[in-house]
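Below you'll find the structure, written out as structure tokens, and then a few comments.
Every number here is computed from the coordinates shown, using simple stated rules; none is lab data. Note that this is a predicted model, so its numbers are computed, not measured. Methodologically, a virtual Cβ is constructed for each residue, glycine included, from the backbone with ideal geometry; neighbour enumeration extends over all protein chains shown.
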Protein chains: 2
Amino acid sequence: MKLVLPILFLLFASTLHAAEAPPLQRAELGDLRLESGEMLRGASIAYRTAGTLNADRSNVILFPTWFTGTAEQLFTFDAVALVDTSRFFLIAVDALANGESTSPSNSQQQPGLEFPAVTIADMVNAQHRLLTDVLGVSHLHAVIGISMGGMQTFEWVTAYPDFMDKAVSIVGSPRLAPYDLLVWNTQLAALELAERCECQEEAALEVAGLLNQLAMQTPQFLAREFPREKVDALVQQGRAGGAAMNIHDRAAQLRAMLAHDVSRSFGGAIQRAAEVVRADLLVVTSVQDRAVSPAPALAFATLVGAELMELQNDCGHTALFCEPEETRTEIAGFLTRP
Amino acid sequence: MKLVLPILFLLFASTLHAAEAPPLQRAELGDLRLESGEMLRGASIAYRTAGTLNADRSNVILFPTWFTGTAEQLFTFDAVALVDTSRFFLIAVDALANGESTSPSNSQQQPGLEFPAVTIADMVNAQHRLLTDVLGVSHLHAVIGISMGGMQTFEWVTAYPDFMDKAVSIVGSPRLAPYDLLVWNTQLAALELAERCECQEEAALEVAGLLNQLAMQTPQFLAREFPREKVDALVQQGRAGGAAMNIHDRAAQLRAMLAHDVSRSFGGAIQRAAEVVRADLLVVTSVQDRAVSPAPALAFATLVGAELMELQNDCGHTALFCEPEETRTEIAGFLTRP
């Protein structure tokens, strides 16, 4: 299994085996009322499926996307290998604002800066509509997500606690830690600069790309993989990754992560949010993660009595890549256990 | 003793006792030939002194400045408390390009983008000129520096190995580690954006300010000192710190740090650079430093058989602040030992 996140695609392109993604499907949800009260016009959700839905529709696993990720990437980067599709029916779903589902970059009615702010809860509510109204799925075997997908997982188990049997958050968070807020506010500041500053839009995006690369890394990992003389190439990769971004989509997802807090519906009390969880929960964290700090996920796991897998390697937010077999075995066991 | 770095001035302003700095002195060095071969026109070095020079001029300690720092700050932040001025004659010297010595912001002949690139070696060569040609000092008891000051210390002991008895580098480096190169290239990219993009210069500087704040921190420190609801204030502080910067001075110092490598004069062989060191060397590092990685300093220390003090706290690049008494005691002992 090759399990990699986008940034590592750049770093380890040669080690990737590219998998083919199943075809894009699309559900039209019409106008969606957002958490803010604003309306998202003509909302459309993109998704891709694998495996076979069984007769009583009891084998569905939902896999929402990471920050800037698409359902297609979940397949091409083989993240879906975490799920045994000979047994489960996998629905990989594109988050709102990610460029495949309705987004600032593709909305006809609310393009660019006119796109209303969406939240992690809005992403989850749209997925709930997709499942119940379009696909006729009223219960999930599991939700599983990585990074921003893990944030959606925490939202799912607190907003729709009876909707799934199991849930897996991998380097996700019930709400960002102080350090994470500083990291992502910094990247947002670079993007907002690009949004306002047409003279140097690409250069501002390159800064955001470098920031993203930085957030994924640890000094130990870089020292091992990138001797000083190769760092220029890494810097160029970070710049190029940034230049390829859609500013508004990326900024919209960043704002969603920054506002994310599963305790918001519980008067800010994380304990009360934890009390509603019914799903069996597996929380996977990376001890040196500097993009999504493990502390809030670990604290939440303790409150709900969740299973824990704490990755101890020095790969930072991309820890999964460094222990793919161990992680896959643990998650496969968790998902199939009666 | 309150020993703090600029960023912590923002965080712990209330705990600071402001010390008075001795008056600014200035030495005119005329035109300086730089390492690049270019000429720096009308070079002027600013410095401040404390203590009394003894009759045989044998009690001089040179203290160059950190990134964006001034000799004045070494006093107002009380970093100079590391040196006993009842015994030593302290010369705190402003680095080239820092705003007090000749800099893009104050040069009449080569202002702003016309200012030639300077290196850490150029800073050290100018200080050597100041000492030998202006102050009549032909030997130092010690050189001591923090961060970029520590980089100048490594340059001093390899470029002028017989010029001092002792040297102390605190969170400095003989050359930046791969992670550091990524950190500082990212900040430089933000500054270069501001240099080119007049429409949003302040916003670009704010991004650089946030980046600097981020590089100083660890997740653990922030989680302890800044609950989520206070992070907005921290973000505003980072932005304000950036907005107060002079772009060109800051970019010039960043480029100097990025190019810094004491092995350059030794065909890239760090072992050969280490072999020329004559001074007793004390290397102070911070295990969780994400601005200047400890690894290159530790490796160099091993090569020269230097004394080591590895700060284990979770304060990152500002580790000194969290163990001021322990550090001061160690350094005072090292400086006074026969």
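Could you give me the ³J(HN,Hα) list for the range B:28-36, computed from phi with Karplus coefficients 6.51, -1.76, 1.60 and θ = phi - 60°, whole Hz, x at Gly and Pro?
Couplings: 8, 9, x, 7, 10, 7, 8, 3, 6 Hz.
If one computes the Cα centroid of the range A:179-248 and of the range A:63-104, what distance in Å separates the two points?
23 Å
Only residues of the range A:30-56 count here: report those whose backbone N is under 12 Å from the spot 7 Å along Cα→Cβ of A:ASP133, or say none.
Correct set: A:30-34, A:40-45.
With springs only between Cα atoms under 10 Å, which of A:THR70, A:THR186, A:THR327 fluctuates most in a Gaussian network model of chain A?
Looking only at A:THR70, A:THR186, A:THR327, the largest GNM fluctuation is found for A:THR186.
Please list the non-local residues whose amide H lies under 5 Å from the amide H of A:MET164, H modeled 1.01 Å from N, same-chain partners needing a gap of 5 or more.
Close amide H contacts, sequence-distant or interchain: A:LEU140.
Can you give me the three principal axis dimensions of the range B:53-195 from its C-alpha atoms, in Å, biggest first?
Principal-axis extents of the Cα atoms in the range B:53-195, largest first: 51, 36, 30 Å.
Across peptide A:171-182, how many C-beta atoms of other chains are within 10 Å of each residue C-beta, on average? Could the numbers behind the result be given before it?
Working: counts 0, 0, 0, 0, 1, 2, 7, 15, 10, 5, 8, 12.
The mean count of partner-chain Cβ atoms within 10 Å per residue comes to 5.
What is the dipole size for the range B:21-174, taken about its Cα centre, with +1 at each Lys and Arg Cβ and -1 at each Asp and Glu Cβ, in debye to the nearest 20? Could you put the intermediate results ahead of the total?
Details: 8 positive and 16 negative charges, 44 e Å.
In total the dipole reaches around 220 debye.
Could you list which residues have their amide H under 5 Å from that of B:THR119, counting only those 5 or more apart in sequence or on another chain, with H placed in the peptide plane?
B:GLU35
Tell me, what HN-Hα J-couplings in whole Hz come from the Karplus equation 6.51 cos²θ - 1.76 cosθ + 1.60 at θ = phi - 60° for each residue of the range B:84-100, using x for Gly and Pro?
Listing the rounded values in order: 7, 7, 6, 10, 10, 9, 8, 10, 8, 10, 6, 5, 3, 6, 9, x, 9 Hz.
Using modelled backbone amide H atoms (1.01 Å from N, in-plane), which distant-in-sequence or interchain residues come within less than 5 Å of A:SER44's amide H?
HN-HN under 5 Å from A:SER44: A:LEU29, A:THR102.
Write down, largest first, the equivalent ellipsoid semi-axes of the protein assembly as shown in whole Å, where each equals the square root of 5 times an eigenvalue of the alpha-carbon gyration tensor.
Values: eigenvalues 533, 120, 94 Å².
Each semi-axis is the square root of five times an eigenvalue, giving 52, 24, 22 Å.
Using θ = phi - 60° and the Karplus relation 6.51 cos²θ - 1.76 cosθ + 1.60, list the HN-Hα couplings for the range A:111-120 in order, rounded to whole Hz, with x at every Gly or Pro.
x, x, 5, 7, 5, x, 5, 10, 10, 4
Going by average Cβ neighbours within 10 Å, how do the peptides A:292-302, A:215-225 rank, with the highest at the top? Could you put the intermediate results ahead of the total?
Working: A:292-302: 22.2, A:215-225: 20.4.
Top of the packing list down: A:292-302, A:215-225.
Which of B:LEU32, B:LEU62, B:LEU176 ends up with the largest GNM mean-square fluctuation for chain B, with Cα atoms connected below 10 Å?
So, out of B:LEU32, B:LEU62, B:LEU176, the one fluctuating most is B:LEU32.
Return the average number of partner chain Cβ atoms within 10 angstrom of each residue Cβ along peptide A:189-195. Mind showing how you got there, number by number?
Details: counts 13, 11, 1, 4, 11, 3, 0.
Rounded to a whole number, the mean comes out at 6.
Compute the semi-axes of the equivalent ellipsoid of the range A:190-293, taking the square root of 5 times each eigenvalue of the Cα gyration tensor, and list them largest first in whole Å. Working shown, then result.
Values: eigenvalues 216, 99, 16 Å².
Semi-axes, largest first: 33, 22, 9 Å.
Order by neighbour count: A:ASP249, A:ASP232, B:ASP94, fewest other Cβ atoms within 10 Å first, most last. Please report the intermediate quantities before stating the final value.
Numbers: A:ASP249 23, A:ASP232 12, B:ASP94 29.
Ascending number of Cβ neighbours within 10 Å: A:ASP232, A:ASP249, B:ASP94.
Please list, or write none, the aspartates and glutamates whose alpha carbon is within less than 12 Å of the alpha carbon of B:LYS166, excluding same-chain residues fewer than 8 places away.
Straight-line reach from B:LYS166, under 12 Å: B:ASP280, B:GLU307.
Just need the Rg to Rh number for chain B, please, alpha carbons only, Kirkwood Rh.
Reported Rg/Rh, Kirkwood definition of Rh: 0.94.
Any chance you could run the full-extension gain for B:THR336 through B:SER86? It's 0.36 nm times the residue separation minus the Cα-Cα distance, nm to one decimal.
Numbers: separation 250, 0.36 × 250 = 90.00 nm, distance 1.19 nm.
Using 0.36 nm per residue and subtracting the Cα-Cα distance, I get 88.8 nm.
Per residue of B:230-237, count partner chain C-beta atoms within 10 Å of its C-beta, then hand back the mean as an integer. Write down the numbers at each step before the final one.
Working: counts 2, 9, 2, 0, 4, 6, 1, 0.
Rounded to a whole number, the mean comes out at 3.
Kindly provide the helix-only [θ] at 222 nm of chain A, computed as the sum of -39,500 (n - 2.57) over DSSP H runs of four or more divided by all residues, to the nearest 500 deg cm²/dmol? Could you put the intermediate results ahead of the total?
Details: 13 runs with 135 residues, N = 338.
Result for chain A, helices only: -12000 deg cm²/dmol.
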